[in-house]
Structure formats: C-alpha cells, structure tokens
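One structure below.
The values are calculated or read from the model by the stated rules, or taken from the named source; none is laboratory data. The structure presented is a predicted model; accordingly, all values stated were derived computationally and were not measured. Neighbour counts are summed over all protein chains in view; Cβ atoms, including those assigned to glycine, are modelled from backbone coordinates with ideal geometry.
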C-alpha cells in the first residue's frame with residue numbers, strides 16, 4: 001500500500017453475486033481500498049485507459065479479472081493491459097471459474113501476475129479471497145509512470 | 001435387375017452367334033453338296049454330248065459306207081471301194097463306244113441290241129456285194145442290192161439310230177434343265193450364305209462394340225468411384241471429428257457456465273448460514289432474557305432454517321460433483337493421446353498399491369497375472385480405465401464373502417484382451433448396458449458415487465479405439481472384458 005496514492009482495486013466481473021462475495025471477503029480481510037466494479041469488458045477498458053482516476057492516467061491500481069465476460073474474453077483485456085506501455089506494470093489477478101490448464105498457461109504467458117480458480121466450495125472460496133486480501137495488504141504496487 | 005437383364009442378354013447374344021455360325025456351316029455344307037451335284041449334272045450333259053456325237057459319227061460312217069456301196073455298184077471305182085472300206089471299218093467301233101457309253105440306259109441298250117445285228121448284217125452284205133462286184137459279178141450284185149432294198153434294212157437302221165439320237169437329245173434337254181436348276185440352287189445358296197455371313201459379321205461387330213463400351217464405362221465408373229470414395233471417407237471423417245469436437249466444446253461450456261451460478265448459490269448459502277447463526281444467537285438470548293418475545297413461528301424458523309440451508313448445500317454440492325464429472329469427461333475427449341510402451345504388470349501393480357488400504361478394509365485379495373501382455377498406448381487413459389474397473393470391483397463385493405479380484409490378459413492379433421473378474425455382488429442383466437451410462441448405477445445404492453466411473457472408462461476405451469463389455473451373474477460376480485489396440489494408431493483411437 002502506497003501512503004500517498006492509495007491503490008484502486010478494479011474488479012471486472014460479470015456475475016454480480018460473485019462480485020458481491022468477492023468484495024465482502026476482501027473487506028473481511030481488512031482491505032479498505034476503493035473498489036471499482038465493472039460488469040463488462042468495454043466499460044472496464046474505458047476506465048482503465050481513459051478515466052481520470054484510472055491507472056492509465058493516474059495512480060496505482062490492481063485488477064481483479066474474470067475471464068468469462070459477456071462482451072469480450074478476459075484474456076483480451078489481459079492482453080490489452082499487458083501490451084500497453086502505461087498499464088503493463090499494473091498487477092492483474094485472474095480470478096475465474098476456469099481451471100483448464102491451457103487457459104491458465106495462456107494467462108501467465110500473456111503476463112498475468114496471479115491466477116486463482118474460484119472454488120465452488122464457499123469456505124475455500126472465502127478463504128482464497130481472504131488470503132488474496134492479506135496478500136494485497138503486503139504487496140507493493142508500482143507507481144504509474146508520471 | 002439391370003444386372004440380371006444384362007446377363008440374360010449376353011447369354012442370348014452368345015446363343016444367337018453360335019446358331020448363326022452353325023447356319024453358316026450348314027450353308028457351306030449345302031453349297032459343297034450342291035456344287036458336287038451341279039458338277040455331276042454338267043458331267044452328264046457332257047456325257048450326252050459325247051453319246052450324240054458318237055451316234056452322229058456312226059450314222060455318218062454308215063451312210064457313207066452305204067453310199068459308197070451303191071456308187072460302186074453303179075460305177076465301180078476303186079476310190080469308192082476305199083471310201084467304203086474306211087467308213088465301214090469305223091461303224092462297228094463307234095457303235096461299240098455308243099454301247100459302252102449308254103450302259104446306264106436300258107432303253108438305248110435295247111435299241112442297240114436291235115440295231116447291232118442289223119448293222120453287222122448290212123455291213124456284211126455290203127462287203128459281200130463289193131466283193132462280188134470286184135470279182136466281176138456286177139449283175140448278180142446289183143440284183144442282190146435291189147432285193148435288199150426291198151427288205152429295207154437300212155431304213156430300219158436309220159429309224160433305230162434316229163430314235164436313239166432323239167432319246168439322247170431328250171436326255172440332253174432333261175439334263176440341261178437339271179444342270180440349270182442346280183446352278184441356280186448354288187447361286188441362291190451362295191447368296192444366302194453371303195447374307196448370313198454379313199449379318200453374323202455385323203452382329204459380332206455390334207456385340208464386341210457393346211461389350212467394349214460396357215467395359216470402358218464400367219472401368220470409368222470404377223475409377224470415379226474409387227477416387228470419390230476416398231474423398232467421401234475424408235469428408236465423413238472430417239464431419240465426425242467436427243461433430244465430436246462440437247459436443248466436447250458444448251459439454252465444456254455448459255459445465256463451465258453452470259459452475260458460475262453454483263458459486264453464488266453456495267456462497268450466499270454460507271452467508272445465510274452465518275447470518276442464521278447470528279440471528280440464532282440473538283433468539284437464544286431473547287429466549288433467556290425476554291421469553292415473551294419468542295413466538296411459535298420464530299421457534300419454528302429457528303429450527304427450519306438450518307435444515308433448509310443444509311438441503312440447499314448438499315444438493316448444490318451434488319450438482320457440483322456432476323458438473324465436474326461432465327467437465328472431466330469432456331476434457332478427456334480433448335486431451336491429446338500419447339503413445340508409449342507400457343509394462344502392464346508394473347502399471348497394474350502401481351494401481352494395486354494405491355488401492356491397498358481399500359482392499360484391506362474390504363478384506364479382498366487382488367491377483368494380477370504376471371503374464372499380462374504389454375501395450376503401446378496412452379498411459380494416463382489406460383491407468384484410469386483399470387483403476388476405475390478395480391475400484392468398482394472393490395466397491396461392489398458381495399458382503400459376507402471374501403473378495404477375490406483377478407486381472408488377466410491375452411493377445412489376439414493386433415489387440416489385447418484384458419479381463420477383470422470379481423466374485424462380487426454382480427449386475428442384473430437389465431443393467432448391463434445401463435451401468436456404462438453417465439450418472440447411472442445398478443443395484444442397491446449403498447456405496448458413495450455419482451455413476452461416473454464406468455462411463456468415463458468406456459469413453460476412454462472408445463477413444464483408444466477399443467471395446468469394453470461385461471459378463472455378470474447377479475450374486476456371483478462380474479467380468480469386464482476389455483479389448484485394446486496393442487499399438488495405438490497414429491491418429492489416436494476411434495476419432
């Protein structure tokens with residue numbers, strides 16, 4: 001956590017239930033950073049690249065990315081982020097239901113920082129998210145290049 | 001139908017050709033016979049000419065001899081004497097030749113029999129008269145001549161000779177007609193034979209032409225079919241592969257998308273549970289501190305809520321297991337197979353090692369034939385097939401009977417037949433096919449499981465291009481017979 005510039009959490013997740021559960025468990029882990037939730041890919045990209053508060057223009061951010069989105073594939077968003085000069089250092093946590101080996105490999109190849117499969121079992125799910133929260137609390141996020 | 005007609009046509013055509021040739025042969029025979037007959041008729045005509053000629057010469061000689069005799073009687077001249085001698089010498093030999101030539105004709109022979117003595121007599125008389133005249137007895141000779149003229153022997157000779165001549169002329173006419181008829185017969189026969197030959201040649205040409213055309217067409221069709229078949233097979237295979245891929249993709253997507261809402265159901269059920277606990281504690285406190293606040297409904301809700309949540313949770317968990325099973329199967333279909341040499345005894349021993357605890361718990365003994373044939377196949381798939389079969393065998397033993405499980409194998413051509421036999425509780429014949437279906441199980445449902453193992457095993461076996469079937473008697477045991485390719489083909493298995 002950066003003292004001067006709090007890290008924004010950008011959550012791209014089309015399932016509102018999932019989003020709510022993720023947010024709940026992140027908060028339970030004691031993370032109080034601002035959290036922006038997007039239900040589809042295009043809105044999320046718009047925010048990431050163009051919004052004044054977005055990481056493309058300002059401040060450090062962390063992206064929580066679901067791969068199954070209604071308008072585009074999560075891997076496309078990942079590729080856009082990792083292919084952008086400004087955004088490529090932004091950590092991306094892929095958080096999705098897919099546990100397909102090829103999909104996981106592909107995400108890491110594209111530059112994903114962490115890949116987490118959403119466990120269906122809620123205890124494990126909540127646990128995983130809380131641990132992610134703890135991880136977020138200690139990780140250093142690079143400053144966006146001014 | 002067309003084939004049959006063709007065959008019948010061919011047989012008829014051959015028959016027609018053969019009879020055509022037979023007819024031509026007969027025609028040639030007839031021609032030869034007729035030509036011989038014609039020759040004979042011509043010979044007869046020639047023969048008759050000969051006889052007529054001979055007769056004419058005879059008559060001529062006879063007349064000359066006669067004339068010479070008469071002349072000599074009127075005016076004895078040695079030249080006439082010479083003429084008489086020359087001609088009378090010819091008469092009899094000529095008549096003898098006529099006799100020889102007309103040996104076939106009784107009528108002429110009869111005439112000759114009459115003629116011959118008269119001629120001889122006449123000649124003898126003539127000679128006698130000539131002799132007398134020579135001796136100077138000219139008067140006596142002349143009177144003798146006058147006497148003889150009255151007898152008219154020469155007239156009779158002439159009549160007889162003319163009759164014979166006419167008979168020959170009649171014969172000649174008859175024989176000429178016969179010859180002409182024979183000749184025209186021959187011409188007709190030649191014309192018919194020629195036409196027949198022409199027809200036959202035409203028919204043969206047409207037939208040969210037809211056969212060659214048929215052959216060429218058949219060959220062309222065959223060629224077309226051959227090349228077409230190849231592309232057809234390729235097309236079908238591509239279709240099947242595409243359909244298969246589509247099903248795999250479909251199963252994958254469906255199971256994936258089903259998982260997402262499940263996370264919510266389970267998640268919020270957990271949240272609900274947590275909330276229920278908090279509320280429960282509150283109710284407990286209220287009951288302790290202000291029991292008048294707690295109504296019967298609240299008390300019921302306090303009991304019902306955990307039960308409802310429990311059902312939701314267990315059902316959703318089951319659903320999750322089913323979805324995972326579909327996902328697993330569809331993933332199995334997408335995995336690329338790797339052929340490698342498998343030492344089957346070792347592989348089976350490894351599986352047995354992982355099942356050791358369960359075997360011990362069930363009190364069962366597992367025997368693996370040390371002679372099981374080895375394979376060149378996909379390790380993971382083969383392992384999964386056998387562990388599914390063995391796990392099943394352990395799971396469904398007959399209670400109260402010491403379990404005995406056996407694995408054996410034998411080679412049959414390019415395939416290996418494995419058998420996994422147990423003395424377990426067996427499977428009802430009605431369920432022999434059903435147990436291989438996804439989510440279907442047979443017998444008493446007293447064991448945990450979703451009915452995935454055998455479906456998975458069968459899908460794998462099919463993918464490897466093999467076959468699996470079972471033989472079982474309820475209450476006595478089950479034998480799974482598994483056929484696998486000794487060497488996995490390069491394109492994978494069945495697809």
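Out of B:349, B:304, B:284, one residue alone is within 30 Å of residue B:409 (Cα to Cα) and at pLDDT 85 or above. It is B:349. Within the range A:29-47, is there a residue that is part of a loop (DSSP other than H, G, I, E, B), within 13 Å of chain B (Cβ to nearest Cβ) and in contact with a helix residue (DSSP H, G or I) (Cβ under 8 Å, 6 or more places away or on another chain)? No, the conditions are met nowhere in the range A:29-47. The set of residues from the range A:74-101 being touching a residue at least 24 places away in the same chain (Cβ under 8 Å) and within 14 Å of chain B (Cβ to nearest Cβ) comprises A:74, A:95, A:96, A:97, A:98.
Determine if the range B:265-282 includes at least one residue that is farther than 30 Å from residue A:15 by Cβ and loosely packed, with under 15 Cβ neighbours inside 10 Å. Looking through the range B:265-282, at least one residue is farther than 30 Å from residue A:15 by Cβ and loosely packed, with under 15 Cβ neighbours inside 10 Å. Test residue B:65 against the criterion of being at pLDDT below 90, surrounded by 13 or more Cβ atoms within 10 Å (Cβ to Cβ) and in a helix (DSSP H, G or I), and give yes or no. So residue B:65 passes the test.
For residue B:282, the conditions (1) without any contact (Cβ under 8 Å) to a residue 60 or more places away in the chain; (2) over 60 Å from the mean Cα position of the chain (by Cα); (3) at the interface with another protein chain (Cβ under 8 Å from one of its Cβ atoms) are fulfilled apart from (3). Any residue at all in the range B:204-221 that's in contact with a helix residue (DSSP H, G or I) (Cβ under 7 Å, 6 or more places away or on another chain) and away from chain A (no Cβ under 14 Å)? Taking every residue of the range B:204-221 in turn, at least one turns out to be in contact with a helix residue (DSSP H, G or I) (Cβ under 7 Å, 6 or more places away or on another chain) and away from chain A (no Cβ under 14 Å). Checking the stated criteria, residue B:349 turns out to be in contact (Cβ under 8 Å) with a residue 12 or more places away in the chain and assigned to a helix (DSSP H, G or I). Just give me the residues in the range B:118-139 being free of Cβ contacts under 8 Å to residues at least 24 places away in the same chain and either in contact with a strand residue (DSSP E or B) (Cβ under 8 Å, 6 or more places away or on another chain) or closer than 12 Å to residue B:92 by Cβ (or both), in sequence order. Once the filter is applied, which keeps residues that are free of Cβ contacts under 8 Å to residues at least 24 places away in the same chain and either in contact with a strand residue (DSSP E or B) (Cβ under 8 Å, 6 or more places away or on another chain) or closer than 12 Å to residue B:92 by Cβ (or both), the range B:118-139 yields only B:124. Of the set (1) within 14 Å of chain B (Cβ to nearest Cβ); (2) touching a helix residue (DSSP H, G or I) at 6+ places or on another chain (Cβ under 7 Å), all apply to residue A:54 but (1). Mind checking which residues of the range A:64-73 are touching a strand residue (DSSP E or B) at 6+ places or on another chain (Cβ under 9 Å) and away from chain B (no Cβ under 13 Å)? Listed by number, the residues that qualify are A:64, A:65. Filtering the range B:249-279 to residues that are touching a strand residue (DSSP E or B) at 6+ places or on another chain (Cβ under 8 Å) and touching a residue at least 12 places away in the same chain (Cβ under 8 Å) leaves only B:256.
Scanning the range B:439-460 for residues that are under 13 Å from residue B:388 (Cβ atoms), touching a residue at least 40 places away in the same chain (Cβ under 8 Å) and under 52 Å from the mean Cα position of the chain (by Cα) yields B:452, B:453, B:454, B:455, B:456, B:457, B:459, B:460.
Put simply, of B:441, B:425, B:458 the only residue that is outside any loop (DSSP other than H, G, I, E, B) and either in the same structural domain as residue B:359 (by TED's automatic domain parsing) or surrounded by 14 or more Cβ atoms within 10 Å (Cβ to Cβ) (or both) is B:458. When each of B:359, B:346, B:366 is tested for being assigned by TED's automatic domain parsing to the domain that holds residue B:477 and exposed (fewer than 13 other Cβ atoms within 10 Å of the Cβ), the lone residue that passes is B:346. Exactly one residue out of A:104, A:22 is within 20 Å of residue B:253 (Cβ to Cβ), under 16 Å from the mean Cα position of the chain (by Cα), outside any loop (DSSP other than H, G, I, E, B) and within 14 Å of chain B (Cβ to nearest Cβ), and it is A:104.
Could you tell me which residue of the range A:107-129 is farthest from the other protein chains (Cβ to nearest Cβ), considering only residues that are surrounded by 20 or more Cβ atoms within 10 Å (Cβ to Cβ) and closer than 30 Å to residue B:273 by Cα?
A:115
Scanning the range B:327-335 finds no residues that are in a helix (DSSP H, G or I), within 14 Å of chain A (Cβ to nearest Cβ) and free of Cβ contacts under 8 Å to residues at least 40 places away in the same chain. Within the range A:84-97, the presence of at least one residue that is at pLDDT below 90, assigned to a loop (DSSP other than H, G, I, E, B) and closer than 24 Å to residue B:256 by Cα is confirmed.
What do you reckon, is residue B:274 at pLDDT 90 or above and either within 8 Å of chain A (Cβ to nearest Cβ) or in a helix (DSSP H, G or I) (or both)? Show your work before the answer.
Details: at pLDDT 90 or above: no; either within 8 Å of chain A (Cβ to nearest Cβ) or in a helix (DSSP H, G or I) (or both): yes.
Spelling it out, it is not the case that residue B:274 is at pLDDT 90 or above and either within 8 Å of chain A (Cβ to nearest Cβ) or in a helix (DSSP H, G or I) (or both).
For the range B:13-21, the criterion of a residue being closer than 30 Å to residue B:177 by Cβ and modelled with pLDDT under 90 is satisfied by no position. In the range B:344-353, the condition of being closer than 21 Å to residue B:450 by Cα and more than 12 Å from chain A (Cβ to nearest Cβ) is met by no residue. Scanning the range B:225-248 for any residue that is in contact (Cβ under 8 Å) with a residue 60 or more places away in the chain and within 14 Å of chain A (Cβ to nearest Cβ) turns up at least one such residue.
If you go through the range A:57-66 one residue at a time, how many are over 19 Å from residue A:23 (Cβ atoms) and surrounded by 23 or more Cβ atoms within 10 Å (Cβ to Cβ)?
Going through the range A:57-66 one residue at a time, the tally reaches 0.
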